[in-house]
Amino acid sequence: LIIGIGPFPALGVSGAAFGTALAPIASVGIALFLIYKRKVIIRPPRHYTLIPDLALVKSITRVGVPTGLQAILLNLGGLLLFRKLGVLEHSAAAQAAYTICYNQLFSLVTWASFGLRVASATLMGQNLGAGKRDRGRHSVYIVAGMGAVYAVALGVVFWFFPYPLMLLFDAVDGHVYEFGVSLLRYTALSGIFLTSTLALTGGLQGAGDTKTPMYIAFVTQIGVLVGLAELFDFLGVLSAELAWLAILLSHLSRWVLTQTFFSWGKWEKSLAELHRA
């Protein structure tokens, strides 16, 4: 749809938009087919009823809604920062560098981090179910360490080999390349904090605490990231470099808060009260 293949005309940016909207249809169709064929790990009941299980709905809502809101806050923070980049002198170049380096290249870090978050949540949930709280905590820290090692390896590539990475997007000239190299070096550090943070987030979610990550996402993505961008703009000093710094500081603050709440959070108190009951 972007470049045009066979009977499909080249639609450029519109093709990218259409493709983004249509792509989930295939994955949802495959998922529904697997569920219907009972090829999933958690299988649906053989007989369905139109009467909802309100207790189950309440439980799903309590756990799922904060997780969904967390994702919205993270995307909203990125969107508002992208909007702020539009006021810079070389706004198009800054937005292009952000799209290439943060939305595309940095996704090598974020995709792996999301997988580690799921693994961390699973390990925590399994160990808590087995009554092994300390082993669950230890498992989460192991996952966080694995993520940090992976992020360091990618960070070395981001820091020392920006040219071949930018060449993949034919962006090796002018301000786009300049901004891109700068952003890649900031993300080389941000990735370490992000992978560890998402592993710890998975630990909280695996223990049933989905509200704390949502609050942390609001503080860091809206308060720190967007707040700093607004402050720099208000002071008249906003630049691409300071926008990248805001990203790094938001990841750092998110790691600090998540680490703090995981170490001394309420999830352990709730488990202790449940055990006494």
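Observations on the structure shown:
- Calculated FRET efficiency, Ile30 to Arg135, Cβ-Cβ distance, R0 = 30 Å: about 0.30 to the nearest 0.05.
- Accessible-area composition of region 105-185, carbon plus sulfur, in percent [1.4 Å probe]: 69 percent
- In degrees, nearest ten, helix 107-129 long axis to first principal axis of the chain (Cα): 10 degrees
- Taking a point 7 Å from the Cα of Ser107 along the Cα-to-Cβ direction, none of the residues of region 52-92 has its backbone N closer than 14 Å to it.
- Taken about its Cα centre, the chain carries a charge dipole of roughly 1600 debye when the Cβ of each Lys and Arg holds +1 and the Cβ of each Asp and Glu holds -1.
- Considering only Ala199, Ala130, Ala119, the mean-square fluctuation computed in a Gaussian network model of the chain, springs between alpha carbons under 10 angstrom, is largest for Ala130.
- Rolling a 1.4 Å probe over the protein heavy atoms gives region 56-183 an accessible area of 54 Å² per residue.
- Percent accessible area from carbon and sulfur atoms, region 16-97, protein chains only, probe 1.4 Å: 72 percent
- Among Phe8, Val28, Ser59 the positive-end extreme of the charge dipole of region 1-147 (Cβ point charges): Ser59
- Aspartates and glutamates with Cα under 16 Å of Lys132, excluding same-chain neighbours fewer than 8 positions away: Glu268, Glu273
- Placing pseudo-labels 7 Å out from each Cα toward the beta carbon at Ala55 and Thr20 gives an inter-label distance of 4.3 nm.
- On Cα atoms only, tilt of 240-264 relative to the major axis of the chain in degrees: 10 degrees
- C-alpha long axis of helix 174-206 to longest principal axis of the chain, angle in °: 10 degrees
- Once all protein chains are placed together, Lys39 keeps about 150 Å² accessible to a 1.4 angstrom probe.
- Sequence of Tyr36, Tyr150 from largest to smallest accessible area, 1.4 Å probe: Tyr36, Tyr150
The values are calculated or read from the model by the stated rules, or taken from the named source; none is laboratory data. Owing to the predicted nature of the structure, the values given are computational and were not obtained by experimental measurement. Note that each Cβ is placed from the backbone with ideal geometry, even for glycine, and that neighbours are counted across all protein chains shown. Protein only, heavy atoms only, side chains kept; ligands, DNA and RNA dropped before computing areas. Shrake-Rupley method; radii C 1.70, N 1.55, O 1.52, S 1.80 Å.
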